[in-house]
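Participant: Can you read through this structure? Questions will come right after.
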There are 2 protein chains.
Amino acid sequence: MVQKLERIERVLERKGAIVNTYTDHIRMPDGKIAKWDYIEHVKGAAAVVAVLPNGKLVMVRQYRNALDRVTLEIPAGARDSVGEDTAICAKRELEEETGYSCGKIEKLLSLKSTVAFCNELIDVYLATDLMPGEQKLDEEEYIEIVECELADLCEKIYAGEIQDAKTVAGILAYANKYNVS
Amino acid sequence: MVQKLERIERVLERKGAIVNTYTDHIRMPDGKIAKWDYIEHVKGAAAVVAVLPNGKLVMVRQYRNALDRVTLEIPAGARDSVGEDTAICAKRELEEETGYSCGKIEKLLSLKSTVAFCNELIDVYLATDLMPGEQKLDEEEYIEIVECELADLCEKIYAGEIQDAKTVAGILAYANKYNVS
């Protein structure tokens with residue numbers, strides 16, 4: 001049996017805009033105390049693989065400061081509050097970022113983005129029966145919409161051109177679970 | 001064309017054991033200055049989908065403090081240094097965590113675990129021609145080895161029982177790219 005480690009203390013080091021930074025004091029099985037980083041993503045997030053009637057996926061291009069480059073991703077965003085149903089969040093983010101509303105939405109995956117030091121949750125949904133509308137971007141969002149063939153996206157994933165973990169996991173889950181290519 | 005945002009300043013708030021926390025000052029296209037969180041994962045990491053001659057995958061169970069629970073993951077770990085080849089890192093982590101050395105290793109995916117606020121890179125490899133040996137765990141590692149059928153792992157992914165993003169992406173990439181199930 002794998003042992004649960006005892007956390008003696010969790011010390012808040014900094015409250016951020018979307019994440020808080022802590023030092024955790026952990027008692028190891030040999031009795032020693034280790035200091036580990038813990039990054040708390042406060043709200044959690046949702047993302048959405050949005051499939052058009054022609055089979056193409058609705059993707060977004062945006063500048064990502066943390067990577068210092070433009071990425072191609074599935075639509076996604078943080079919950080309005082910790083208690084928000086991630087399906088509601090996924091529908092809202094799809095609509096805000098791409099203008100598309102969806103008639104049908106179902107859970108594909110629940111992801112923890114990086115388990116070694118962070119609790120961030122990203123629920124990934126599959127949205128179909130899409131109806132076009134107007135983008136409603138947040139003040140800090142500058143996003144371009146791109147419609148892509150699934151086969152092209154899989155190629156980009158294997159070529160290392162798409163690296164965003166939620167996007168890679170979401171697209172491969174859709175391809176694999178529904179046996180589409 | 002999506003606009004690159006101008007970062008005016010990056011202020012170090014805390015140096016951690018594996019991640020550093022910064023406040024980035026970003027000039028938005030409308031001229032306003034926004035303060036964004038940036039978490040720097042210093043070393044980057046590698047992970048490995050390790051497939052036995054019988055088709056089973058070598059997985060690890062360990063307690064994850066950030067989630068406060070035991071997870072089932074593909075073997076993985078941070079690079080020894082920023083310049084380390086992730087293939088070397090993947091081989092070493094496989095051997096340290098599971099005892100298995102591999103005759104063949106090839107790149108499956110390059111992941112960025114959570115692009116909204118962090119630069120962490122995780123390269124995911126496929127390892128085959130496995131030869132058993134002894135675990136060589138780091139002082140702070142307590143890990144149990146489990147051999148799993150691919151179909152069972154995919155089921156656990158779709159049931160939300162496996163959520164670790166690198167594990168989900170790696171396993172689905174292996175299933176999808178090599179058309180195995």
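The values are calculated or read from the model by the stated rules, or taken from the named source; none is laboratory data. Fair warning: this is a prediction, and the values are worked out from it, not measured in the lab. Please note: Cβ atoms are built from the backbone with ideal geometry, for glycine as well, and neighbour counts cover all protein chains shown.
Participant: Which members of the range B:85-106 meet the condition of being on the phi > 0 side of the Ramachandran plot and polar (S, T, N, Q)? If you could, list the steps in order and put the result at the bottom.
Facilitator: First, the residues of the range B:85-106 that are on the phi > 0 side of the Ramachandran plot: B:99.
Within the range B:85-106, none qualify.
Participant: For the subset of the range B:37-82 comprising residues that are touching a Cys at 6+ places or on another chain (Cβ under 7 Å) and basic (Lys, Arg), which member is surrounded by the most Cβ atoms within 10 Å (Cβ to Cβ)?
Facilitator: B:ARG79
Participant: What tally of residues in the range A:128-148 results from selecting those that are of a type outside the set (Asp, Glu) and not in a strand (DSSP E or B)?
Facilitator: Narrowing the range A:128-148 to residues of a type outside the set (Asp, Glu): A:128, A:130-133, A:135-137, A:142-143, A:145-146, A:148.
Now narrow it down to the ones that are not in a strand (DSSP E or B): A:132-133, A:135-137, A:142-143.
Within the range A:128-148, residues that are of a type outside the set (Asp, Glu) and not in a strand (DSSP E or B) number 7.
Participant: Could I ask something else about it? How many residues does the range A:100-127 hold that are β-branched (Val, Ile, Thr) and either touching a Pro at 6+ places or on another chain (Cβ under 9 Å) or part of a strand (DSSP E or B) (or both)?
Facilitator: Of the residues in the range A:100-127, 3 are β-branched (Val, Ile, Thr) and either touching a Pro at 6+ places or on another chain (Cβ under 9 Å) or part of a strand (DSSP E or B) (or both).
Participant: Moving on. Could you tell me which of the residues A:THR114, A:THR98 is under 20 Å from A:LEU72 (Cα atoms), away from every other protein chain (no Cβ under 13 Å) and not small (Gly, Ala, Ser)? Working first, answer last.
Facilitator: Numbers: A:THR114 fails: away from every other protein chain (no Cβ under 13 Å).
Every option except A:THR98 fails the conditions.
Participant: Ok, one more. So which residues in the range B:6-50 are more than 10 Å from chain A (Cβ to nearest Cβ) and under 29 Å from B:GLU106 (Cα atoms)?
Facilitator: Correct list: B:VAL42, B:LYS43, B:GLY44, B:ALA46, B:ALA47, B:VAL48, B:VAL49, B:ALA50.
Participant: Could you pull out the residue among A:LEU126, A:LEU130 that is at pLDDT 95 or above, more than 8 Å from chain B (Cβ to nearest Cβ) and over 16 Å from the mean Cα position of the chain (by Cα)?
Facilitator: Working: A:LEU126 fails: over 16 Å from the mean Cα position of the chain (by Cα).
The conditions single out A:LEU130.
Participant: May I ask you to say which residue of A:GLY99, A:GLY16, A:GLY103 is surrounded by 15 or more Cβ atoms within 10 Å (Cβ to Cβ), in the same structural domain as A:ASP164 (by TED's automatic domain parsing) and free of Cβ contacts under 8 Å to residues at least 60 places away in the same chain?
Facilitator: On the way: A:GLY16 fails: in the same structural domain as A:ASP164 (by TED's automatic domain parsing); A:GLY103 fails: surrounded by 15 or more Cβ atoms within 10 Å (Cβ to Cβ).
Just a single option satisfies the conditions, and that option is A:GLY99.
Participant: Can you confirm whether B:ARG92 is more than 12 Å from chain A (Cβ to nearest Cβ), modelled with pLDDT of 95 or more and closer than 28 Å to A:ASN20 by Cβ?
Facilitator: Details: more than 12 Å from chain A (Cβ to nearest Cβ): yes; modelled with pLDDT of 95 or more: yes; closer than 28 Å to A:ASN20 by Cβ: no.
Against the criterion (more than 12 Å from chain A (Cβ to nearest Cβ), modelled with pLDDT of 95 or more and closer than 28 Å to A:ASN20 by Cβ), B:ARG92 does not qualify.
Participant: List the strands (runs of 3 or more DSSP E) that sit entirely inside the range B:17-59 and contain at least 2 residues that are more than 30 Å from B:LEU94 (Cβ to Cβ).
Facilitator: On the way: elements: B:19-27, B:33-41, B:45-50.
Because the criterion is at least 2 residues that are more than 30 Å from B:LEU94 (Cβ to Cβ), the strands (runs of 3 or more DSSP E) in the range B:17-59 that meet it are B:19-27, B:33-41.
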